[in-house]
Amino acid sequence: MQMQDLPYNLPDAGGHFGPYGGVFVAETLMPALAELREAYSSARADPEFKAEFAYELKHYVGRPSPIYHAKRWSDLLGGAQIYLKREDLNHTGAHKINNCIGQALLARRMGKPRVIAETGAGQHGVATATVAARYGMECVVYMGSEDVKRQAANVYRMKLLGATVVPVESGSKTLKDALNEAMRDWVTHIGNTFYIIGTVAGPHPYPMMVRDFQTVIGEECKLQMPELAARQPDAVIACVGGGSNAMGIFYPYIPFAEVKLIGVEAAGHGLNSGKHSASLTAGRSGVLHGNRTYLLQDENGQVTETHSISAGLDYPGVGPEHAWLKDSGRAEYVTITDDEALQAFHDLCRLEGIIPALESSHALAYAARLAPTLARDKLLLVNLSGRGDKDMHTVAEASGIQF
Amino acid sequence: MSRIQTTFAALATQGRKALIPFITAGDPHPDLSLPLMRALVAGGADIIELGVPFSDPMADGPTIQRASERALAHGMSLRRVLGLVSEFRRENATTPVVLMGYANPVESYGVEAFARDAREAGVDGVLVVDYPPEECASFAATMKAADIDPIFLLAPTSTEQRYAEVAQIGSGYIYYVSLKGVTGSGSLDLDEVAQRIPLIRQQVGMPVGVGFGIRDAATAARIAAVADAVVIGSRLIEEIENGDAESATERVTTFLAGVRTVMDGEAP
């Protein structure tokens, strides 16, 4: 299907992106989601809400984030010019805060004094704890007990910000189990609680709402690229775990048929190793966490455990809009292994003086692979979705260094 | 008439209410599932709800999640659950069996294939927890075409419009979730249940079972006084967990028989 010829207007009223998305939750959650849909649809149309969101993004987050021409790195690669959208410069160090502010403002508008969140590496947990402190809300963050051990600094950060961190002992004790537990909390405390989901997944309206809050990334790029490089990029590249930073930068470019959209999934130890998180590349359609999407699962439909060196990409599902963009051919999805991401991480540190998040390093690694195959006047725009301070420990360990 | 209809009709003539125990297939071990199903019947089960284990049981509390994890650790799958039902059917032609689980194992199996094989195995009803009516019109139709009742949940938060939607798409009985929360949590509001059930029954024109949070015979009896069926799950799984696997069947029969006696004594 030639989607570029049609106005792109997804999801439908039921939250579907083609066969994906939807509302796959137990009856107990349906009224809460209906309330959320209604509240979001009224907020979305309210100029005052939009103005407040924009104000917070400017004065609290520090937007707009700049675009930076990584000239030394581009020259060394000897091909296309690489531009970086600097989401790493946001308050709290990643794109996650954009969405958290949007949802916290919505929670406040709905009169919900308590917010909950799930977190893997702790980035979304920290962003949620940050906005909860900012708006004076009670905050509970669910985190797999394995992740609590691996990410002690972020656990402490959340506690400093006044949040309660609940270690989750069920299942694989990682992100997907934290998500299950947060859903359970929500269903039990529906009256006073707002669930801030961190990515473009979950039941409708979350994939749409999180995308909307993140599109500020791509909207800024649309204005900044012509200023800086005299035109729009030839390709936009972003890493995809759940896929919120990628949706945020892709979405405004969907109508630009000449701009390629490339999502980069985590191939971990390699697609054949079974230890990866490449849902779109190696998974098949399934239902998890409230939506239909590509899913890593075994032959019996049980969700499998995943691996990536970057905790933020270590998730067996993916946002349903990415599933649709893949099937429709509008976006292309590729993979990068742990080792390739680490190489890009080190290159950016040494050549540009920027320490990128390991998640973003996957997008960088693909840009590094692609750039030398293209002419020097081609432009690649990479979403540098977060900074790598949080990854010091992981990178040191991978290099055999102990602090 | 389907086995589920026959069961409710027979109970109605006796002035009794249905007792519906829930266990997870394959918990604590697949070899014990058939003996446990027999034990449930011996304890007075009218319908058996058999949980299909799933890796991410979002709507369940810790007890049923543990049961799921034990079953999966022993290689339980939807295919093996259907095998279990066929075995049960060879020796029991009357007790309805309802499968309860999540969408992904069913979709992975293939809906058409599942309908065919479930019917073949002798499954009477299917409750897919994360299939609300708006997402499963075609699934429900496929089940009905295979003479399997698609069973739906209603909750304290459900609106009357939801009652109508569920009445249209579902059959067999309605499973009323008696509290806001997950399976096995403790805050059951009996007055709320007593108020809601007659209204729901009138609007859906099906028997209404109540579950989530029923932990003892006395509560079961009070629920039975207003509802058509009482579902007991987490409490029964705790009974299986607390002690050695070999004697789990005895513990289950004893517990359920205790509930049955009190329930029958107090039901009108």
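Some values worked out for this structure:
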item: Net dipole in debye of the stretch B:204-268 [+1 Lys, Arg Cβ; -1 Asp, Glu Cβ; about Cα centre; nearest 20]; result: 280
item: FRET efficiency, A:Leu76 to B:Arg116 (Cβ-Cβ, R0 51 Å, nearest 0.05); result: 0.25
item: Placed amide H near A:Phe24: partners under 5 Å, 5+ positions off or other chain; result: A:His204, A:Gly290, A:Asn291
item: Rounded Å value of the spacing that divides the Cα centres of the stretch A:37-76 and the stretch A:327-403; result: 23
item: Estimated FRET transfer efficiency (A:Phe403, A:His307; beta-carbon r; R0 41 Å; 0.05); result: 0.95
item: Vicinal HN-Hα couplings computed from phi for the stretch B:158-173 (Karplus, 6.51 cos²θ - 1.76 cosθ + 1.60; Hz; Gly/Pro x); result: 5, 7, 5, 5, 5, 4, 5, 4, 5, 4, 6, 9, x, 7, x, 7
item: Filtered GluC sites (Glu not before Pro), the stretch A:218-321: DSSP coil and at most 16 other beta carbons within 10 Å; result: A:Glu258, A:Glu299, A:Glu305
item: Pairwise centroid distance, computed over Cα atoms, of the stretch B:61-114 with the stretch A:161-197, Å; result: 27
item: For the stretch B:96-110, residues shielded by at least 50 square angstrom of accessible area compared with the chain on its own, probe 1.4 Å; result: B:Asn104, B:Glu107, B:Ser108
item: Derived scalar couplings ³J(HN,Hα) [the stretch A:58-69; Karplus, 6.51 cos²θ - 1.76 cosθ + 1.60; whole Hz; x for Gly, Pro]; result: 6, 8, 9, 8, x, 7, x, 7, x, 9, 10, 7
item: Trypsin sites (Lys or Arg not before Pro) lying in DSSP loop within the stretch A:211-269, provided at most 13 other Cβ fall within 10 Å; result: A:Arg231
item: Order by protection proxy (mean Cβ within 10 Å, highest first), peptides A:240-249, A:198-207; result: A:240-249, A:198-207
item: Cα centroid separation, the stretch A:206-222 to the stretch A:112-144 (Å); result: 20
item: Nonlocal amide H pairs with B:Met100, under 5 Å, H built at 1.01 Å; result: B:Leu50, B:Gly51, B:Val52, B:Leu127
item: DSSP beta bridges in the stretch A:250-403 [antiparallel fraction, %, rounded to 5]; result: 50
item: Loop-located trypsin sites (Lys or Arg not before Pro) in the stretch A:299-403, at most 14 other Cβ atoms within 10 Å (DSSP); result: A:Arg376
item: Estimated vicinal HN-Hα couplings, Hz - the stretch B:119-130 in sequence order (Karplus 6.51, -1.76, 1.60; Gly, Pro = x); result: 5, 4, 6, x, 6, 9, x, 9, 10, 9, 4, 9
item: Averaged over B:52-63, number of beta-carbon atoms from partner chains that fall within 10 Å; result: 6
item: Amide hydrogen neighbours beyond the local backbone of B:Asp56, cut-off 5 Å, H modeled; result: A:Val303
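The values are calculated or read from the model by the stated rules, or taken from the named source; none is laboratory data. Nothing here was measured: the structure is a model prediction, and the numbers come from that model. Cβ sites come from the backbone with ideal geometry, for glycine too, and all protein chains shown count toward neighbours. In case anyone asks, the SASA skips ligands and DNA or RNA and just uses the protein heavy atoms, side chains included. Shrake-Rupley method; radii C 1.70, N 1.55, O 1.52, S 1.80 Å.
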